[in-house]
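Participant: One structure coming up, written as structure tokens, with questions to follow.
The values are calculated or read from the model by the stated rules, or taken from the named source; none is laboratory data. Quantities reported herein were computed from a predicted structural model and do not represent experimental measurements. We place every Cβ from the backbone using ideal geometry, glycine too, and count neighbours over all the protein chains shown.
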Amino acid sequence: MRSFDRLNRRSFLARTFAFCAAFVQGWWSRPGSARAEPDYFTGTDFVGKTRVGKFKQFYINYWKPLRRIKAADWTLEVGGLCETPKHFTLDQLKGLPTMTQTSRLKCVECWSAKAEWSGFHFSELMKLCPPQPEATGVVFHCGDIYTEHLSLADLNHPRTLWVTQMNGAPLSDEHGFPLRVIVPFKYGYKNPKAIVKIEYVNELQYGTWSKIGPYSPDGTILPGTDHPLDLGKTPRRISGGEITY
Ligand SMILES: Nc1nc2c(c(=O)[nH]1)N[C@H]1C(S)=C(S)[C@@H](COP(=O)(O)O)O[C@H]1N2
Ligand SMILES: [Mo]
């Protein structure tokens, strides 16, 4: 009995220690703290979540640190409910008819930021790798193990863009190199970055954020308050859907 007590006591102490360590770590990196978010990633093989330096104007969000993707090793894998699974190189995707548009990315955690995005429309990819008739959407698999789902209707929306260029330059690793999808009328979490694979599916699936947080799998921007980073974060009312200003 005594050794059982001792074991219990030991695991209690271990758990207490783990809790305190987690608390101290959380406190250390709390938002707004002068010590928050040191830049661990610049100049390394990884990119991670950051709001420092030039990213103050457009925060970076990655679920897990992402190993930088090299164009030469990358293809977009298209599979699931399609006639023939295929792979596309970045050059092949860049060869599709190009569209450019300006839109604001609105994160569900209050901030927003605006950029000019260039890339292609989903209909072009669909022509090269058509879904089977029963497919209703696409699941995205990203380099940082992030997943998200978008319906074919949302993907075929005229404002939804598959992006390889941001503000006239190739997408940076931070903003989702080599390929991201911008859906201006949905919260940021419905805008997958660093896409490596897509799968045609026939049922709605929860993405990373809607699995772990109180975020709807639909993700349409709701009426509320916005804090635009490029406009000094001054709070303003938004009426829902794409923010067009
Ligand atoms: N692969 C991947 N894509 C992602 C995310 C992520 O964690 N991983 N976060 C999403 C969220 S919540 C937001 S707000 C935007 C942020 O885009 P940015 O990092 O270019 O600002 O990316 C979205 N796409
Ligand atoms: Mo977000």
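Participant: Only one of (1) in contact with a Phe, Trp or Tyr (Cβ under 9 Å, 6 or more places away or on another chain); (2) more than 15 Å from ligand 1 (Cβ to nearest atom) fails for E174. Which number is that?
Facilitator: For E174, the failing item is (2).
Participant: Of all strands (runs of 3 or more DSSP E) completely enclosed by the range 125-223, which ones contain at least 2 residues that are touching a Leu at 6+ places or on another chain (Cβ under 9 Å) and charged (D, E, K, R)?
Facilitator: Hits in the range 125-223: 195-201.
Participant: Considering every residue within the range 178-195, establish whether at least one is surrounded by fewer than 22 Cβ atoms within 10 Å (Cβ to Cβ) and among the charged types (D, E, K, R).
Facilitator: Checked the range 178-195: no residue is surrounded by fewer than 22 Cβ atoms within 10 Å (Cβ to Cβ) and among the charged types (D, E, K, R).
Participant: Okay, moving on. Take the residues in the range 109-122 that are touching a helix residue (DSSP H, G or I) at 6+ places or on another chain (Cβ under 6 Å) and within 14 Å of ligand 1 (Cβ to nearest atom), then tell me which one is farthest from P158 (Cα to Cα).
Facilitator: The selected residue is W111.
Participant: Write out, first by first residue and then by second, each pair whose Cβ atoms fall under 9 Å of each other, whose residues are 6+ apart or on separate chains, and whose first residue, in the range 90-110, is under 25 Å from K70 (Cα atoms) and basic (K, R) while the second is modelled with pLDDT of 95 or more and more than 10 Å from ligand 1 (Cβ to nearest atom).
Facilitator: K94/G119; K94/F120; K94/T164; K94/Q165
Participant: Counting residues that are within 16 Å of ligand 2 (Cβ to nearest atom), which strands (runs of 3 or more DSSP E) fully inside the range 67-121 reach at least 3?
Facilitator: Because the criterion is at least 3 residues that are within 16 Å of ligand 2 (Cβ to nearest atom), the strands (runs of 3 or more DSSP E) in the range 67-121 that meet it are 99-106, 111-120.
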